[in-house]
Each structure stands twice: as structure tokens, then as C-alpha cells.
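Asker: This structure is in C-alpha cells; I'll ask about it shortly.
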Amino acid sequence: MPGKLPILVVEDEAAIRAGLCDVLAYHGHAPDGVESGEEGLRRALAEPYALVLLDVMLPGKSGFDVCRELRAARPALAILMLTARGAEADVLEGFRCGADDYLTKPFSVAELVARVEALLRRAGATPLDPSPFAFGGWHVDPAARSAARDGTTVPLSSREVELLALFARERGRIVSRRRLLAEVWGLQHVDGIETRTVDVHIAKLRKKIGAGEREPIETVRGEGYRFVG
């Protein structure tokens, strides 16, 4: 079947790994499965995967370590972390390492497929709007996933491009964390979700594009964020 997207599944439990690969293949993708963090990192760096499903608890190199190294080497790669631990600290650590999204075991097949498809869209399987736009003094190029200013170019993830695009459209207006979870993360039921995950992504984005006399993304305490231009 043409158009199959390669997906790497890094999961040490053989039954879960096989089940994930079966689900992905059934939905038209081309999955590969490996059982260790070291092998997952090697394969993900050597081959052009569209997405990596990465378990946190792996023998040897942990999922957090793999995620951190993958994000540094391949900034645009979509990474979905899988964890049996629902602790907020683990979820936040995954985002700090560069994960785009996470699922806590056990999860439904429908939720897995929805998260995978959403990440593939953001990663370019369904392209972002390629039209460049301005964000303060930055020139953002969604197709290249980068922002340029005064001769400096910084790489952006697909999610960071979506965040900047939404803030640019809503310039001067407050955008709530829950709206960001709904529109950028693609989550339908956001009431029970810890919104600090948004804060982690905004903090990383500020490090990339926040240089200057005035912070372009302003925190509105208790409400959300606002692009002040």
C-alpha cells in the first residue's frame, strides 16, 4: 500500500510491542518494533521514521534518555511516550525531554490511534499551512519548521509552530491553557488534564524566541498567555 508511514515502536514487553505494531499496521502504517532503548535510538537516528512510540521503562537506556537524544538530533521527529506511571512528575519529565505527547497505560486502541494520527499531521504527514508568518520580530517558516531574526535561525517543532501560529492569530487576546490543549494538542476532554504541560512547552519556546527587551509571550496569571508583539 503506497503512502505507508514508517513508525518505530520501542517497547520491551513483547506482547505489548506486537499489539502496538498490529494496530498500527491495521491502520495503514509501517511499524517496526524494538525492545531496548539503545536499539531504538540507533534505529531512529539511522532511518527516516515519521513517529516514534517510546516506552519510558526500558532496560538499559531509559525512554527519557532516548527521547532527549532523539530530540537533540532530530528536532522535527514526532515522539509519543508511553508510560505505566501516571505521576505528574513523569509526564512533565517526558515533555522536558522533548516528547510531543504521552499516553498512560492502559489506554484504548481508539485513543492510541487518535494521538498517533494527530502527531503525524503535525509532523507533516498532513502538512501544516506552509505560509510563512511574522511573530514579533521573527519570520516563521512552517514548512521549514524554523524561525529567523536578524541573521539567527532557530529550529521549531511542529507543535511550537502551531503555538506561534495560534498566538499570532490571537495577537493581543488572552489564550487559555485549556484552549491550547484543545487546539494545539488536539485533546477533546481537557478538564482533567494538568495544564502545567502547556507551561513546560511555553518555557521551552520562550528560550528560543524570547530574546529581546520585551517578552513576546506574556503570562496572564490564572488565565493563560497573550502575544504582546
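The values are calculated or read from the model by the stated rules, or taken from the named source; none is laboratory data. On a predicted model such as this, the values are computed, not experimentally measured, just so you know. Cβ atoms come from the backbone with ideal geometry, glycine included; neighbour counts cover every protein chain shown. Side chains included, ligands, DNA and RNA excluded: accessible areas come from the protein's heavy atoms. Shrake-Rupley method; radii C 1.70, N 1.55, O 1.52, S 1.80 Å.
Asker: Got a sec to turn the phi values of the stretch 136-142 into Karplus ³J(HN,Hα) couplings, 6.51 cos²θ - 1.76 cosθ + 1.60 with θ = phi - 60°, whole Hz, x for Gly and Pro?
Answerer: Using θ = phi - 60°, the values come out as x, x, 9, 9, 9, 10, x Hz.
Asker: To make sure I understand the rule: partners must be lysines, Cα under 30 Å from the Cα of LYS105, and not fewer than 8 residues away in the same chain. Which ones qualify?
Answerer: Cα-Cα hits under 30 Å: LYS4, LYS61, LYS204.
Asker: Over the chain, what percent of the accessible surface lies on carbon and sulfur atoms, probe 1.4 Å? Mind dumping the intermediate values first?
Answerer: Details: 5600 of 10870 Å².
Using a 1.4 Å probe with all protein chains present, the chain comes out at 52 percent carbon and sulfur.
Asker: Between PHE135 and residues 5 or more places away or on another chain, which pairs have amide H atoms under 5 Å apart, with H built 1.01 Å from N, and which residues are they?
Answerer: VAL140
Asker: Same structure, new question: Could you go through the stretch 180-185 in sequence order and give the Karplus-derived ³J(HN,Hα) for each residue, using 6.51 cos²θ - 1.76 cosθ + 1.60 with θ = phi - 60°, rounded to whole Hz, and x for Gly and Pro?
Answerer: For the stretch 180-185, the Karplus curve yields 4, 4, 6, 8, 9, 7 Hz.
Asker: log₁₀ I(q)/I(0) of the chain at q = 0.08 Å⁻¹, via Debye over equal Cα point scatterers, no solvent, to two decimals?
Answerer: -0.29
Asker: Please arrange HIS27, HIS201 by accessible surface area, largest first, computed with a 1.4 Å probe and ligands excluded.
Answerer: On the way: HIS27 80, HIS201 15 Å².
The residues order as HIS27, HIS201, largest area first.
Asker: Pairing rule first: another cysteine's C-beta must sit under 4.7 Å. Under that rule, which cysteines of the chain stay single?
Answerer: CYS21
Asker: Check which residues have an amide H placed less than 5 Å from LEU5's amide H, if you skip close sequence neighbours.
Answerer: Close amide H contacts, sequence-distant or interchain: ALA30.
Asker: Just subtract the alpha-carbon distance of VAL109 and TYR26 from 0.36 nm times their residue separation and send over the number in nm, one decimal. Spell out each step's value before the answer.
Answerer: Values: separation 83, 0.36 × 83 = 29.88 nm, distance 1.13 nm.
That pair, VAL109 and TYR26, stretches by 28.8 nm at full extension.
Asker: A follow-up question, please. State the answer as a single residue: which of VAL91, ALA114, GLY151 lies farthest towards the positive end of the charge dipole of the chain, with beta carbon charges of +1 for Lys and Arg and -1 for Asp and Glu, about the Cα centre.
Answerer: The Cα lying farthest towards the positive end belongs to GLY151.
Asker: While we're on this one: Could you provide, to the nearest whole Å², the per residue accessible area of the stretch 5-109 with probe 1.4 Å? Write out the running numbers ahead of the final one.
Answerer: Working: 4320 Å² over 105 residues.
For the stretch 5-109, the solvent-accessible area averages 41 Å² per residue.
Asker: While we're here: Once the piece of chain linking VAL228 and ASP199 is laid out straight, how much longer is it, given 0.36 nm per residue of separation minus the C-alpha distance between them? Could the numbers behind the result be given before it?
Answerer: On the way: separation 29, 0.36 × 29 = 10.44 nm, distance 1.72 nm.
The span from VAL228 to ASP199 would gain 8.7 nm if fully extended.
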